[in-house]
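Before any comments, here is the structure.
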Amino acid sequence: MKYKIIDINNWKGKQHYEWFIKYAVPYYGATTTIDLTLFFQYIHDVKLPFFATFMYLIVKALNEIPEFRLRIMKGKVVEYDVINPAFTVMTNDGVYDNCEVELKPFSEYLLEIQRKMATAKLGVIVKDLYNDESRMDQFYISSIPWIDFTSATHPMPGNDFDSVPRILWGKYLNVGDKTVIALQIQAHHALIDGYPYSQGVLKIQEMVNDPEKYLK
């Protein structure tokens, strides 16, 4: 969990941060349609799992945008070297449990996530904290693969520290000759404004358009 403290007084985001940090609800998000046509062709050909592979590319893409690695920690802005996925898994009892993995080379990541998801589905994850609020080097990720949607909101804990982006996707659809999916990302406006937010979404689309290049 390596990070550096941002000198707010010499940071380009200073004015933006000081304005939006005062808001009672400083979060915003948008739902975007992601074209998965080439992605699906590739994972079908090489027999990769959809959920783990799609999540890997999302997390890898957002890590390339520095603003998505910013967090608010004890009144300071910090930038992490790497942000990792924390995600929900449906257990065999039909309820969700939380799971987390480290962002690694894809082959190592895939082995770890498959092992952890198998354990989570048995409902045997034991943690003192259901969500470890001391850890901020994560994206909180979930999916609702049974429905398509055009907007979404996320439950928030109601405290000042939470600046972790939330990511949600729905059911993928076949539209004409394309396969598409709704992707929603919620961000803290004091850290991520519209331009880096858009760059993150565009980077996701870039990576799913050429998965062979980025699944390394």
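Quick rundown of the values:
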{"read-out": "Boolean, THR91 is modelled with pLDDT under 95 and in contact with a Leu (Cβ under 8 Å, 6 or more places away or on another chain)", "value": "yes"}
{"read-out": "Checking PHE139 against (1) crowded, with 20+ Cβ neighbours inside 10 Å; (2) in contact with a strand residue (DSSP E or B) (Cβ under 7 Å, 6 or more places away or on another chain); (3) at pLDDT 95 or above; (4) farther than 22 Å from LEU70 by Cα, the condition it does not meet", "value": "(4)"}
{"read-out": "Candidates ASP81, ASP35, filtered to the one that is touching a helix residue (DSSP H, G or I) at 6+ places or on another chain (Cβ under 9 Å), among the charged types (D, E, K, R) and over 30 Å from GLY176 (Cβ atoms)", "value": "ASP81"}
{"read-out": "Test: residue in the stretch 3-21 that is within 27 Å of LYS213 (Cβ to Cβ) and at pLDDT 95 or above", "value": "no"}
{"read-out": "In the stretch 35-71, the residues that are of a type in the set (A, V, I, L, M, F, W, C), touching a strand residue (DSSP E or B) at 6+ places or on another chain (Cβ under 7 Å) and buried (at least 20 other Cβ atoms within 10 Å of the Cβ)", "value": "LEU36, MET55, ILE58, VAL59, LEU62, LEU70"}
{"read-out": "Qualifying residue in the stretch 120-134 (condition: at pLDDT 95 or above, buried (at least 18 other Cβ atoms within 10 Å of the Cβ) and not in a loop (DSSP other than H, G, I, E, B))", "value": "no"}
{"read-out": "Every pair of residues 6+ apart whose Cβ atoms lie under 6 Å, when the first sits in the stretch 149-164 and is at pLDDT 80 or above while the second is of a type in the set (Ser, Thr, Tyr)", "value": "THR150/THR31; SER151/THR31; VAL164/TYR140"}
{"read-out": "Candidate set: the stretch 184-196, residues that are surrounded by fewer than 23 Cβ atoms within 10 Å (Cβ to Cβ) and touching a residue at least 40 places away in the same chain (Cβ under 8 Å); chosen: the one farthest from VAL77 (Cα to Cα)", "value": "GLN184"}
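The values are calculated or read from the model by the stated rules, or taken from the named source; none is laboratory data. If you're wondering where the values come from, they're calculated on a predicted model, not measured in any experiment. Positions of Cβ are generated from backbone atoms using ideal geometry, with glycine treated the same way; all protein chains shown enter the neighbour counts.
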